[in-house]
1. Anything in the stretch A:231-248 that is among the small types (Gly, Ala, Ser) and in a helix (DSSP H, G or I)? List them, or say none.
2. Counting only residues that are among the β-branched types (Val, Ile, Thr) and under 16 Å from the mean Cα position of the chain (by Cα), which one in the stretch B:1-58 is farthest from the other protein chains (Cβ to nearest Cβ)?
3. Of everything in the stretch B:48-92, what is of a type in the set (Gly, Ala, Ser) and more than 30 Å from residue B:18 (Cβ to Cβ)? Give them in sequence order.
4. With respect to residue A:83, determine if the residue is over 30 Å from residue A:190 (Cβ atoms) and either within 14 Å of chain B (Cβ to nearest Cβ) or part of a helix (DSSP H, G or I) (or both).
5. With a cut-off of at least 2 residues that are within 29 Å of residue A:95 (Cβ to Cβ) and more than 19 Å from the chain's Cα centre (by Cα), name the helices (runs of 4 or more DSSP H) lying wholly within the stretch A:260-379.
6. Yes or no: the stretch A:208-230 includes at least one residue that is touching a residue at least 60 places away in the same chain (Cβ under 8 Å), aromatic (Phe, Trp, Tyr) and in a loop (DSSP other than H, G, I, E, B).
7. Tell me whether the stretch A:52-64 contains one or more residues that are within 24 Å of the chain's Cα centre (by Cα) and either more than 13 Å from every other protein chain (Cβ to nearest Cβ) or modelled with pLDDT of 90 or more (or both).
8. Filter the helices (runs of 4 or more DSSP H) completely within the stretch B:1-92 down to those with at least 2 residues that are of a type in the set (Val, Ile, Thr) and surrounded by fewer than 11 Cβ atoms within 10 Å (Cβ to Cβ).
Amino acid sequence: MSNASLPEPAGSPLFVAGKHVSLAQRGRAGLEFLGSLQNYVAGTVRQRARHEFDTDPEGAALAANWAKRNEPWSERIAKAKAIAEKSATYRYDRLMQRYVAEEVYVKGIPATELRRKEAEAYYAQSPKPAGGTLELDPTVPIPKYHSETEWHLMPGGWDGYDLYGITMGSGVGPLVFARGGFAAVEAGDDLRQQRIDVARQFPKKSYGRIYEPGCGGAGTLAAVHKVFPEAELIGSDLSPHLLRQGHLAAERMGIKIAFKQRDARDTKEPSNSVDGVIMYALQHEMPIDVNIDTLKEALRILKPGGDLVMSDPPPFAAVHPLQAVILDWDTEHRGEPFFTVTREVEWADVLKQLGFVNVEAYSLGAQGYPYVVRGSKPV
Amino acid sequence: MVDAPKQPYTGSEMMDNLIRMNTELLSELWILRDRVTILEHMLQEKGVVSRKALDDYVPSGDLAAELLRERDALVERVVGGAWMQGFSVDKLVAKAKK
């Protein structure tokens with residue numbers, strides 16, 4: 001598990017001896033092209049597809065009572081998909097989305113490989129310590145759903161290539177994904193600002209300890225640090241590569257974070273020991289039962305009165321039917337096996353059933369993303 | 001190993017392939033334009049050739065003839081590709097002599 005599905009923006013500078021580890025011209029320009037392509041397709045072509053959907057009488061009727069229909073989500077999505085696929089514009093949008101999703105690695109990995117020497121020098125450096133720690137635990141069982149998925153069409157998954165940190169940090173993150181326009185992220189969205197906006201959804205003015213399960217790298221905890229600079233930060237993940245990358249980035253940014261290799265369902269933290277838990281873009285990367293066990297674990301480690309803030313793509317009920325089709329599409333076409341099942345659930349209801357109080361769910365963005373669900377442990 | 005897509009997105013495998021080829025060519029075009037722009041910038045910075053001089057330059061003589069020949073050949077190859085009428089050694093040799 002890891003929230004790096006929404007890759008870290010260019011917030012963690014990759015420097016060797018004061019020089020940025022940048023890709024060579026072909027790789028850089030090729031990825032920048034993909035950023036422009038995705039931005040245009042999601043920002044313009046898809047708007048045309050949306051217009052075509054809304055002007056189709058069947059589409060308009062479906063959109064009018066989308067959230068209230070008495071049908072299973074699979075049937076609603078199938079109907080919306082059938083309407084969407086009548087449009088050549090929609091089909092072109094999907095082909096280009098798939099093309100970009102593939103090409104970020106097809107172009108990005110060879111471009112990274114050409115910089116192997118500089119990349120290895122980057123990893124070998126000892127940054128000025130910020131006091132953070134990295135605790136890798138090879139005894140942590142890696143569940144199959146994690147190890148057998150090539151997330152986001154990433155060959156080999158999160159730990160499948162030793163320089164993925166450079167591919168994402170110097171290439172795909174700043175050159176492609178920073179421009180938005182993929183999955184639930186709208187074209188032009190500022191990913192870094194979105195993480196800060198989500199961190200601001202913690203209801204109190206200050207926090208002692210904040211824990212992030214499935215942290216991936218340091219992106220979300222760096223945003224939390226910006227909002228709550230005094231908070232002690234702990235992040236865990238299953239991926240040793242992402243944890244190493246996160247540790248190195250955090251130390252470079254001067255942010256003290258304790259990174260631990262843990263399953264989110266078994267953090268090994270004492271009960272009632274943290275003031276806040278944040279989960280960013282994690283839910284859709286775990287099966288339903290793992291999600292529920294992760295929430296139970298969050299409730300266990302939170303102190304009475306402590307707060308949970310979760311952000312993930314919105315549920316199907318909270319978006320336009322075409323957007324629901326687009327979110328559902330990721331399941332089969334962009335290496336997101338749990339996208340559909342986790343979007344069918346109203347997680348606010350689950351939180352209440354598990355014993356959280358003051359539960360709220362709402363969107364921060366106009367198209368439903370970022371979507372926030374938050375709640376507190378009873379006092 | 002990331003698997004190939006499961007279906008043609010446009011409804012036609014050939015149409016998908018053509019769009020992918022076209023997009024890849026657009027990518028190559030951009031990579032080249034990016035490089036030429038950087039090249040012009042660096043040449044100007046080093047005082048070798050100014051971008052204004054490049055803009056103002058009007059090809060003439062042998063260079064103009066070479067550009068015309070290459071341009072027409074490119075159009076014939078790309079646009080004419082859709083109307084390929086068969087070929088022979090004679091025709092191909094004649095083409096090389098154009």
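The values are calculated or read from the model by the stated rules, or taken from the named source; none is laboratory data. What you see is a predicted model, and the numbers here were worked out from it, not measured in a lab. Cβ atoms come from the backbone with ideal geometry, glycine included; neighbour counts cover every protein chain shown.
1. A:246 - this is the single residue of the stretch A:231-248 that is among the small types (Gly, Ala, Ser) and in a helix (DSSP H, G or I).
2. Applying the filter and picking the extreme gives B:36.
3. B:50, B:53, B:60, B:61, B:64, B:65
4. Yes; evaluated as a whole, the condition is true for this residue.
5. The qualifying helices (runs of 4 or more DSSP H) are A:321-333.
6. no
7. No, the stretch A:52-64 has no match at all.
8. B:61-79
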